[in-house]
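The values are calculated or read from the model by the stated rules, or taken from the named source; none is laboratory data. Given the structure is predicted, the values throughout are model-derived calculations rather than measurements. Backbone-built Cβ (ideal geometry, glycine too); neighbour counts: all protein chains shown. The protein model used for the area step is the full one, side chains on, heavy atoms only, and it has no ligands, DNA or RNA in it. Shrake-Rupley method; radii C 1.70, N 1.55, O 1.52, S 1.80 Å.
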2 protein chains.
Amino acid sequence: MISYSFCPVCGKPLSEGVIEGRTRMFCASCGWVHYRNPLPVAVAYTVNRHNELLVIRRAHEPAINEWALPGGFLEEGEEPHEGCLRELMEETSLDGRVERLIGIYHRNVDLYGSLLIVAYKVVVVDHECMTPNHEVSEAGFFGECNCPQINIPLHRHIIEENRRFENLAGVTGNPVL
Amino acid sequence: MISYSFCPVCGKPLSEGVIEGRTRMFCASCGWVHYRNPLPVAVAYTVNRHNELLVIRRAHEPAINEWALPGGFLEEGEEPHEGCLRELMEETSLDGRVERLIGIYHRNVDLYGSLLIVAYKVVVVDHECMTPNHEVSEAGFFGECNCPQINIPLHRHIIEENRRFENLAGVTGNPVL
């Protein structure tokens, strides 16, 4: 994680001080304060019409080469479910529809710091045309028996939370991993 | 909203360019990019043991003097439900327990730009000791009949979503506004 040394508004060196109960960097010249907030991320638990789960293999850090659920950072001005579908589209060229919110989570990651992760269940009707982008080395829809192992703890947790919900709600044939 | 003109890492003037499909400010000297993401906020739909709703009157902009649900920005490293309870504690000195996630929303606000709002239902057992802080001019728990009017559209929406859920789930006596 990068730390800030200069004021992005006026360019003067920043000072350190306690502001609103926390140690923060601030600009003694113009008053700008570096409030540090979690970065919002959307994750898409995506199934096709056969209820197979989409997993992608990450081509970048963090977790390079790991199998994962698609997702990425929300952009300014973006509804979280729209950001989720945009990330899915960018990474795989798939056009999805959000079915429901699965949950919201927090994780600290070395590369980016504090992340606020919003996970949605997404359904893709036409999955034939998948084209992974540069962030993805492999991608596919998998049933329970042939799904690559997912090691990222949060992604395993999201899959588990979705399974628990669907079991409670009586949804059949969900891709339990 | 403040715009950035200088690199917070190396202090050089920023340039404008298209990076990952969006116009962003970046540092041609050290490579820092100003990715702009929604700022995460937690809102607490808070009831006491009589199922009365906590509403506070805002003492600061935005929406100064409006009646509202308590809440505020999530801090780095903070679980969203913990940030929700911290904000409740700071604004009212009340110790709450999160019952469930109500929903997640996006709004653009003049003062802060893009906000990602996480709303939780919170229950407070001991509400006798409430002490509003400097952000709050008045606060109280109200039943349906005597609740001050809440004009902030998102807060009305959160109340409505909670009502819809509780009606579906068969929860009785919820404070319908």
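Residue B:67 falls short on exactly one of the conditions (1) within 14 Å of chain A (Cβ to nearest Cβ); (2) out of contact with any helix residue (DSSP H, G or I) (no Cβ under 6 Å at 6 or more places or on another chain); (3) open to solvent by 30 Å² or more (accessible area, probe 1.4 Å); (4) of a type outside the set (S, T, N, Q), and that condition is (1).
I'm trying to understand the selection: among the residues of the stretch A:144-170, which are among the charged types (D, E, K, R), open to solvent by less than 100 Å² (accessible area, probe 1.4 Å) and either touching a Phe, Trp or Tyr at 6+ places or on another chain (Cβ under 7 Å) or over 11 Å from residue A:53 (Cβ atoms) (or both)?
A:160, A:161, A:166
For the stretch B:103-120, the candidate set comprises residues that are within 13 Å of residue B:69 (Cβ to Cβ) and surrounded by fewer than 20 Cβ atoms within 10 Å (Cβ to Cβ); within that set, the residue that is nearest to the chain's Cα centre (by Cα) is B:105. Contact annotation: residue pairs with Cβ atoms under 8 Å, 6 or more positions apart or on different chains, pairing a residue in the stretch A:86-111 that is within 11 Å of residue A:133 (Cα to Cα) and of a type in the set (Val, Ile, Thr) with a partner that is open to solvent by 20 Å² or more (accessible area, probe 1.4 Å) and part of a strand (DSSP E or B), are A:92/A:139. Only one entry in B:86, B:57 is modelled with pLDDT of 95 or more, open to solvent by 30 Å² or more (accessible area, probe 1.4 Å), in contact with a Ser or Thr (Cβ under 6 Å, 6 or more places away or on another chain) and not polar (S, T, N, Q), namely B:57. Filtered by the rule that a residue be within 25 Å of residue A:19 (Cα to Cα), surrounded by fewer than 22 Cβ atoms within 10 Å (Cβ to Cβ) and out of contact with any Leu (no Cβ under 9 Å at 6 or more places or on another chain), the stretch B:89-102 gives B:89, B:90, B:93. Cβ-Cβ contacts under 7 Å between residues 6 or more apart (or on different chains), taken from a first residue in the stretch B:23-41 that is in contact (Cβ under 8 Å) with a residue 24 or more places away in the chain to a second residue that is of a type in the set (Lys, Arg), are listed as B:34/B:24. The residues of the stretch A:117-150 that are in contact with a His (Cβ under 8 Å, 6 or more places away or on another chain) and of a type in the set (A, V, I, L, M) amount to a single one, A:117. Tell me yes or no: at least one residue of the stretch B:78-91 is on the phi > 0 side of the Ramachandran plot and either within 10 Å of chain A (Cβ to nearest Cβ) or not hydrophobic (A, V, I, L, M, F, W, C) (or both). No, the conditions are met nowhere in the stretch B:78-91. If the condition is being touching a helix residue (DSSP H, G or I) at 6+ places or on another chain (Cβ under 9 Å) and surrounded by 14 or more Cβ atoms within 10 Å (Cβ to Cβ), then the stretch B:14-40 contributes B:38, B:40.
Restricting the search to strands (runs of 3 or more DSSP E) fully inside the stretch A:52-111 and requiring at least 1 residues that are of a type in the set (Ser, Thr, Tyr) gives A:96-109.
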